[in-house]
Amino acid sequence: MKKLIKFPKIVQFVNVIQNILRQVTFVGLDENGDAIYDPTIPKGSITFRGTVKLHGTNAGFSFNAPSGVWYQSRENIITPQVDNAGCAFYFENNKEHFMRIIHDVATKHDIDLHKNTITIYGEWAGKSIQKNVAVSELPKAFYLFGIKISPFDEESVAYWVNIDGYENQENKIYNINTFGTYEVEVDLNNPKLSQNKIIDITEAIEAECPIGKYFGVSGLGEGVVFICDFKGSRHIFKSKGLLHAGKSKVKVTKRVDDEKINLINNIVDKVTPIWRLDQMLTKSCDLLNGGTIERAKLGDYIRLVINDVLEEDFQVITDAGLEPKDINKGISEVARKYFFEQEQNQLS
């Protein structure tokens, strides 16, 4: 059966980091089927690979053996009769070239096309599709950026395969990696420290579109898309510039003060020694009188730690040029982690 297999929504950096942190700290389900998270699990770092984001329209070429070929826009199955900027007509006229890619992927990855659909995703971009960017001056072409395997069995998980090497420039099938890739390593303990590098890459692409430049056309680019495959899930976020959008509103990644973030982290470390965390835990849970560490007391514990810091180390915060609101979140995170570590020790 031919059915729309949507390309996933591309969200913002902050949303992707939240999703990854949930994956990192997830340890199972409780008796009610609710997720259990362990914030003490080491978070480490993760590397995203970026490619140029094109200002065009999303397109997909799908195939499986029972149903044959069909074409997609982001929201609909399209045909040469009910088209999207001429994309289906292009697919129809270049079907043999896309089918070569389909069969090569199936062979290389041992995919049974009687049980799986392969979809080649890309951006259909060029003249008359969008405005205000360099690729709008180029002939229409397909820029391949993803290949997805979707099993018929709904209990099986769809997955992505490597796109390197798949292109046919003579017939205007371009691989997005041809135009440059970018790497950003994100410390999951301090993800904001990666934002300025993301913005630097975005602004460079916006100032001079690498795809336009590849074809000898100077002009604006839209931005960058970053991808990371982590624990069986693909995480995608975008960072866009403002210049191509005209009066339209665009969500952008904001610059951060790296120096201030590092200063805050240092002060938080300084004012949360183990003795303070332990002392406030003993007090909030009444451990000296036989009390136990219970999650119902977590909020009280965090408040005690913050209040003690403000009472005893107010001058340290002031001398650093900071205010309580600058460090309260960091103190809360340190206290929360210590609380759960000690809860786990209590259960051991």
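Okay, residues lined up against (1) part of a helix (DSSP H, G or I); (2) among the β-branched types (V, I, T); (3) free of Cβ contacts under 8 Å to residues at least 12 places away in the same chain:
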site: A296; (1), (2), (3): yes, no, yes
site: R303; (1), (2), (3): yes, no, yes
site: L322; (1), (2), (3): no, no, no
site: I331; (1), (2), (3): yes, yes, no
site: R336; (1), (2), (3): yes, no, no
site: E341; (1), (2), (3): yes, no, no
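This table checks each residue for (1) at pLDDT 85 or above; (2) part of a helix (DSSP H, G or I); (3) under 17 Å from the mean Cα position of the chain (by Cα); (4) assigned by TED's automatic domain parsing to the domain that holds K325.
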{"site": "I201", "(1), (2), (3), (4)": "yes, yes, yes, no"}
{"site": "G216", "(1), (2), (3), (4)": "yes, no, no, no"}
{"site": "K251", "(1), (2), (3), (4)": "no, no, yes, no"}
{"site": "N262", "(1), (2), (3), (4)": "yes, yes, no, yes"}
{"site": "N265", "(1), (2), (3), (4)": "yes, yes, no, yes"}
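Could you tell me whether any residue of region 299-316 is aromatic (F, W, Y) and over 22 Å from N189 (Cβ atoms)? Within region 299-316, one or more residues are aromatic (F, W, Y) and over 22 Å from N189 (Cβ atoms). So, E123, is that one part of a strand (DSSP E or B), touching a residue at least 60 places away in the same chain (Cβ under 8 Å) and acidic (D, E) or not? Yes, satisfied.
Based on what the data block shows, is I201 surrounded by 15 or more Cβ atoms within 10 Å (Cβ to Cβ), in contact with a Ser or Thr (Cβ under 8 Å, 6 or more places away or on another chain) and over 24 Å from N15 (Cβ atoms)? The answer is no for I201. Scanning region 176-195 for residues that are of a type in the set (S, T, N, Q) and surrounded by fewer than 16 Cβ atoms within 10 Å (Cβ to Cβ) returns T181, N189.
Among the residues of region 85-101, just one is among the polar types (S, T, N, Q) and closer than 20 Å to I147 by Cβ, namely N94. All told, G291 meets the bar of being of a type in the set (G, A, S) and surrounded by 12 or more Cβ atoms within 10 Å (Cβ to Cβ).
Just one of the listed residues (E222, E206) is modelled with pLDDT under 95, out of contact with any Lys or Arg (no Cβ under 6 Å at 6 or more places or on another chain) and buried (at least 17 other Cβ atoms within 10 Å of the Cβ), and it is E206.
Residue check: G299 meets all listed conditions (1) over 38 Å from the mean Cα position of the chain (by Cα); (2) surrounded by fewer than 16 Cβ atoms within 10 Å (Cβ to Cβ) but one, namely (1). Scanning region 126-174 for residues that are in contact with a Gly (Cβ under 6 Å, 6 or more places away or on another chain), among the aliphatic types (A, V, I, L, M) and in a strand (DSSP E or B) gives A141, L144.
The values are calculated or read from the model by the stated rules, or taken from the named source; none is laboratory data. From a predicted model like this one, the values you see are computed outputs, not experimental measurements. Cβ sites come from the backbone with ideal geometry, for glycine too, and all protein chains shown count toward neighbours.
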